[in-house]
Amino acid sequence: LYAGVSIGLLVLFVGISWICLGIKRRQYTKLKEKYFKENGGLLLLQQLASHAGTVDTTKIFSTEELEKATNSYHESRILGEGGYGTVYKGILPDDKVVAIKKSKGGAPTQSDQFVNEVIVLSQINHRNVVKLLGCCLETEVPLLVYEFITHGTLYEHIHYKRSSLSFELRMKIAVETAEALAYLHSSTSNPIIHRDVKAENILLDDAYTAKVSDFGASRLVPSGQTEIQTLVLGTFGYLDPEYLQSNQVPEYLQSNQLTEKSDVYSFGVVLVELLTSKVALSKDRCLTSIFISSMDEDCLNQILDDDIVNEGNIETGKNVASPFGFSCNPNGHYRPTRKQTMYLHLIKKL
C-alpha cells in the first residue's frame, strides 16, 4: 500500500514538474517573441527579403545559438568591455570564431533605426572595416555578431606592445584607417558617421591590417543631408570639441550637429597617438592641444616618440604631421573633408 502511494506521489510530482516546465518554456518563448518584435525583427526579415542577394551573409541568430557559442557568456570568453557593452569570443557549430557584442541595457531600442543600421552595415564590404555577420533580436537588447579579429586593438599595441609597431607599420595603419573612414563617409548608400573613432576601436589582424570596429554609437546620415542632430556620445580625448561644446550650452541654444568632421577630428587624435605614443587624455591634458602647440612653436621633436621617429625618418614624420594637425584642429571649419581629399592627401604624404 505504502509503495503504491509513494509511486503515485512520485508520478504526481513528475507530472506537476513537467507542467511547470512546459509553462516556463511557453513563457520564455513568448518573451523571446516579444523582444524580437520590439527590436524590429519583423521589419528586419522584410528588409532582408527585399535585399535578397546583397545581404545574404547576414544571419539572424537565436539566443540558444549565441549562448552555446559563448558558453553562456562565461567570463573567460570576454574579449573586452567598454561604455557600450561587453564583447565575447564565440565559437559557432562550424568552428567559425566570431565576436559577439552584448550591449548594456538602457534606453529602449529604436527598432526602425536599428534595423536600418543592420542592413547598411551588412552591406559594407571593405577590407579595413570589421564585417557584421548577423544579430540576435530575441533578447532585451539586440546582440551583434562580427568577424573575429585576432591581434587585439591598436591601443594595446601603441601603449603596451610598442616594439611591435615600427614607424612604417604605424603609417600603414594610418593609411588603412583613413581609407576605411573615407569609404564610410562617401562610398556607402548612406554616409555613416562612426562617432567613436579611437585607438581602442581599431583592431589589427595577424598581418597588422587595420580594421575599424564598434559601430555601437554610429549614425547614418539621411540622403541629401550632411549633418544630423544627436546626443553627444563618444570618448573624451577623441571627441570633436565643437560637438562636445554644443552640449554644454543652454538647451535652447544647443545644435549638437554631428558631421563627418567629427570623425576627422577623432582620426586626427589617433594619428597623433601613432606619432607620439602618448594617450589622448592624461590628467586633463589634451594630447591634440600639446601637439598643435608644438607645431606652432616649431618644436615637434620634443613630443614625437624618439623610438619611432628618429634621424632616419624625421623628415617624413614632419611631412605627415601637417595633415595630422589640420585633422584635429578644434575649429571644424579648418578641418578637411572628403571633398577636399584629405585622406588621399594623407596617403600621398605617406
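Remarks
Residues are listed down the side, and each one gets a yes or a no for (1) among the hydroxyl-bearing types (Ser, Thr, Tyr); (2) within 27 Å of the chain's Cα centre (by Cα); (3) at pLDDT 70 or above; (4) assigned by TED's automatic domain parsing to the domain that holds LYS198:
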{"site": "TYR265", "(1), (2), (3), (4)": "yes, yes, yes, yes"}
{"site": "LYS283", "(1), (2), (3), (4)": "no, yes, yes, yes"}
{"site": "PHE291", "(1), (2), (3), (4)": "no, yes, yes, yes"}
{"site": "MET295", "(1), (2), (3), (4)": "no, no, yes, yes"}
{"site": "ASP306", "(1), (2), (3), (4)": "no, no, yes, yes"}
{"site": "GLY317", "(1), (2), (3), (4)": "no, no, yes, yes"}
{"site": "SER322", "(1), (2), (3), (4)": "yes, no, no, yes"}
{"site": "ASN329", "(1), (2), (3), (4)": "no, yes, no, yes"}
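- Annotation: of all residues in region 244-263 being in a helix (DSSP H, G or I) and within 22 Å of the chain's Cα centre (by Cα), the one that is modelled with the lowest pLDDT is LEU244.
- Lone qualifier among LEU45, LEU9 - being hydrophobic (A, V, I, L, M, F, W, C) and at pLDDT 75 or above: LEU45
- Test for LEU271: is it farther than 25 Å from VAL141 by Cβ, assigned to a helix (DSSP H, G or I), in the same structural domain as LYS161 (by TED's automatic domain parsing) and at pLDDT below 85: no
- Of all residues in region 89-109 being modelled with pLDDT under 85 and surrounded by 12 or more Cβ atoms within 10 Å (Cβ to Cβ), the one that is farthest from ALA49 (Cα to Cα): LYS104
- In region 181-216, of all residues being at pLDDT below 90 and of a type in the set (Gly, Ala, Ser), the one that is surrounded by the most Cβ atoms within 10 Å (Cβ to Cβ) corresponds to SER213.
The values are calculated or read from the model by the stated rules, or taken from the named source; none is laboratory data. Treat the numbers as computed from the prediction; the structure is a model and nothing was measured. Cβ sites come from the backbone with ideal geometry, for glycine too, and all protein chains shown count toward neighbours.
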